[in-house]
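Colleague: After the structure tokens below, expect a handful of questions from me.
The values are calculated or read from the model by the stated rules, or taken from the named source; none is laboratory data. In this text, all values refer to a predicted model and were calculated from it rather than measured experimentally. Positions of Cβ are backbone-derived with ideal geometry, glycine not excepted, and every protein chain shown enters the neighbour counts.
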Amino acid sequence: MKFPSPSFSPSPNPSISLSQPTRRAFLRSSSALIALPFLESFGAKRFEYAAASAAAAPPKRMMFLGFGWGVTKESWYPDINTTGTDYELPKGLQALRRHQKDITIIQNLTNQFSNEAHWGSTFYLTGANRYAEPGQSFYNSISADQIAAETLGKETRFTSIQLGCDRAEDSGHGPGLSMSWNRQGKPIAGMNTPVAAYHKLFSDSDTPLEERQAMLKQKRSVLDTVLENARSMNRGLSKTDTDKLDEYFQSIREIEIRLAKEEQWLDVPKIRPTDPIDEPKGEIEGYEEVKLMYDIMVAAMQVDATRVMSYRQPVDTFIRSLGATITGHNMSHYTNGSRLSVSEMRDQKQTELLAYLIDKLKATKEADGSTLYDNISLSYGSNIESIHYLKNCPTILTGGAAGVKHGRHLVMDNSKTPLCNLWLSLLQGTGVPIESHGDSTGVIEELWA
């Protein structure tokens with residue numbers, strides 16, 4: 001692959017543009033398009049918009065996080081006899097202790113039609129019956145995130161964003177290109193690497209991939225191409241907005257630094273399977289890959305590039321990044337011993353990253369002083385319970401957008417309560433006008449009780 005010479009420099013004529021209907025601002029150059037967060041200075045001072053527009057409430061957002069192969073049921077689920085606020089977080093969820101008042105754990109949710117124990121996300125957001133179409137062995141319907149996108153995604157650059165992982169079958173997800181399915185029940189493609197997600201959000205689509213890769217190879221930032229314009233813009237902002245913009249730019253730089261090594265390996269031929277040397281890889285894989293995807297997701301919502309996101313997370317590469325030498329599938333068949341230890345470690349590390357994501361959501365301020373956490377409905381779980389059991393889907397909720405009363409452990413009276421009842425509840429709570437979804441039988445009133 002041919003790259004520009006080290007002396008390559010993009011056009012030094014960045015500009016700022018503003019979309020008046022949405023108060024959306026961008027810094028643009030010939031090789032970068034950087035969306036900016038909502039800034040109070042753009043509302044009333046700089047561009048003299050109506051006060052009502054400047055003070056508009058932040059948009060609501062939804063985020064769906066899914067993983068395969070279930071959890072370690074003995075150490076992930078709270079004691080079923082201790083519900084409400086009077087419950088202890090089990091070992092697998094201890095990393096969430098600092099957020100315990102802001103999460104909800106639900107038990108006894110199930111997709112009644114699930115019958116494939118290796119498919120952790122294929123029907124996770126749809127609740128469809130794979131045999132619903134006579135004469136066909138596979139049928140699916142629209143996923144909850146795409147229902148949300150039809151309402152929440154009307155004003156954003158991307159109606160929704162789907163993130164995934166390479167070789168999803170190794171991570172217990174099943175058929176599909178992401179966790180998302182359209183109205184026709186067809187799979188929607190996702191971006192399987194942080195590199196792809198980053199360029200989708202922060203690189204000008206007219207810039208050749210080689211040019212974008214070269215910029216990071218030379219340890220240069222896409223921000224460098226718009227930096228002068230950013231500095232001049234800072235002079236017209238309030239201190240609150242200046243601090244917010246500096247924080248956002250710093251987060252982009254940190255993402256770029258972590259992506260740089262992976263970029264360097266994109267054009268390196270992989271070692272043949274017969275070669276005794278391991279295939280070379282960038283260092284962004286597994287644990288760090290999920291962490292970086294979370295950073296990118298927060299950045300995307302911070303600038304309102306999208307309001308609906310789903311992420312089909314890795315398992316095999318995740319546990320390998322923790323030092324394990326077994327596959328996710330073998331781990332999922334745990335018994336006492338090393339498999340159980342790996343399964344519990346995976347739970348703990350995944351939970352640690354979920355806590356990290358909640359930290360970032362709480363720390364990211366909106367224009368009205370609220371936070372991303374206040375304006376997002378986030379779900380985290382799997383269609384698989386544990387050891388291939390398709391019941392009691394592991395489920396954690398957080399965020400304030402759907403009005404859920406958090407800080408509780410809920411156990412549904414009916415052990416086969418449709419998981420789609422949850423999706424219906426969160427969709428309605430977030431303002432999506434929908435009367436049913438999948439095999440739902442009604443909303444979960446306990447979420448707001």
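Colleague: Within region 151-173, how many residues turn out to be farther than 24 Å from residue 295 by Cβ and at pLDDT 95 or above?
Modeller: 1
Let's see how each residue does on (1) in a helix (DSSP H, G or I); (2) β-branched (Val, Ile, Thr):
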position	(1), (2)
159	no, yes
169	yes, no
174	no, no
183	no, no
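Residue-wise test of (1) basic (Lys, Arg); (2) modelled with pLDDT of 80 or more; (3) closer than 18 Å to residue 191 by Cα; (4) touching a Leu at 6+ places or on another chain (Cβ under 8 Å).
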site	(1), (2), (3), (4)
231	yes, no, no, no
240	no, no, no, no
287	no, yes, yes, yes
302	no, yes, no, yes
305	no, yes, yes, yes
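Colleague: All but one of (1) farther than 29 Å from residue 319 by Cα; (2) surrounded by fewer than 18 Cβ atoms within 10 Å (Cβ to Cβ); (3) not hydrophobic (A, V, I, L, M, F, W, C) hold for residue 156; state the number of the condition that does not hold.
Modeller: (2)
Colleague: Taking residue 110, is it farther than 26 Å from residue 333 by Cα and in contact (Cβ under 8 Å) with a residue 40 or more places away in the chain?
Modeller: no
Colleague: Same structure again: Looking at region 161-181 only, could you name the residues that are over 28 Å from residue 303 (Cβ atoms) and among the polar types (S, T, N, Q)?
Modeller: Hit for region 161-181 is 171, nothing else.
Colleague: Another one. Within region 393-422, which residues are among the polar types (S, T, N, Q) and under 20 Å from residue 94 (Cβ atoms)?
Modeller: Within region 393-422, 395, 398 qualify.
Colleague: On the basis of being touching a Leu at 6+ places or on another chain (Cβ under 8 Å) and either over 27 Å from residue 176 (Cα atoms) or among the aromatic types (Phe, Trp, Tyr) (or both), does residue 59 make the cut?
Modeller: When the stated conditions are applied, residue 59 passes them.
Colleague: Residue check: is residue 349 at pLDDT 95 or above, assigned to a helix (DSSP H, G or I) and closer than 26 Å to residue 154 by Cα?
Modeller: Here the answer is no, as residue 349 does not meet what is asked.
Colleague: Mind checking which residues of region 384-431 are buried (at least 22 other Cβ atoms within 10 Å of the Cβ), part of a loop (DSSP other than H, G, I, E, B), aliphatic (A, V, I, L, M) and in contact with a His (Cβ under 9 Å, 6 or more places away or on another chain)?
Modeller: 384
Rundown of residues vs (1) under 25 Å from residue 431 (Cα atoms); (2) in contact (Cβ under 8 Å) with a residue 60 or more places away in the chain; (3) of a type in the set (A, V, I, L, M, F, W, C); (4) touching a helix residue (DSSP H, G or I) at 6+ places or on another chain (Cβ under 9 Å), yes/no style:
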site	(1), (2), (3), (4)
370	yes, yes, no, no
377	yes, yes, no, yes
384	no, yes, yes, yes
388	no, yes, no, yes
391	no, yes, no, no
395	yes, yes, no, yes
398	yes, yes, no, yes
404	yes, yes, yes, yes
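Colleague: How about region 131-169: which of its residues are over 25 Å from residue 402 (Cβ atoms), hydrophobic (A, V, I, L, M, F, W, C) and in contact (Cβ under 8 Å) with a residue 60 or more places away in the chain?
Modeller: Those that are over 25 Å from residue 402 (Cβ atoms), hydrophobic (A, V, I, L, M, F, W, C) and in contact (Cβ under 8 Å) with a residue 60 or more places away in the chain: 165, 168.
Colleague: Give the residues of region 185-198 that are surrounded by fewer than 24 Cβ atoms within 10 Å (Cβ to Cβ) and either more than 21 Å from residue 130 (Cβ to Cβ) or in contact with a Ser or Thr (Cβ under 9 Å, 6 or more places away or on another chain) (or both), sorted by residue number.
Modeller: Answer for region 185-198, where residues must be surrounded by fewer than 24 Cβ atoms within 10 Å (Cβ to Cβ) and either more than 21 Å from residue 130 (Cβ to Cβ) or in contact with a Ser or Thr (Cβ under 9 Å, 6 or more places away or on another chain) (or both): 185, 187, 188, 189, 190, 191, 192, 193, 195, 196.
Colleague: Something else now. Output the number of residues of region 432-449 satisfying the condition of being without any contact (Cβ under 8 Å) to a residue 40 or more places away in the chain and in a helix (DSSP H, G or I).
Modeller: Adding up the residues that qualify gives 2.
Colleague: Just one of 405, 360, 349 is touching an Asp or Glu at 6+ places or on another chain (Cβ under 8 Å) and closer than 23 Å to residue 105 by Cα; which is it?
Modeller: 360
Colleague: Could I ask something else about it? Filtering region 54-69 down to residues that are at pLDDT 95 or above and either in contact with an Asp or Glu (Cβ under 6 Å, 6 or more places away or on another chain) or in a strand (DSSP E or B) (or both), which residue is surrounded by the most Cβ atoms within 10 Å (Cβ to Cβ)?
Modeller: Ranking the candidates gives 62 first.
Colleague: In the set 413, 439, which member is modelled with pLDDT of 95 or more and either under 28 Å from residue 118 (Cβ atoms) or under 22 Å from the mean Cα position of the chain (by Cα) (or both)?
Modeller: None of the others qualify; the one that does is 439.
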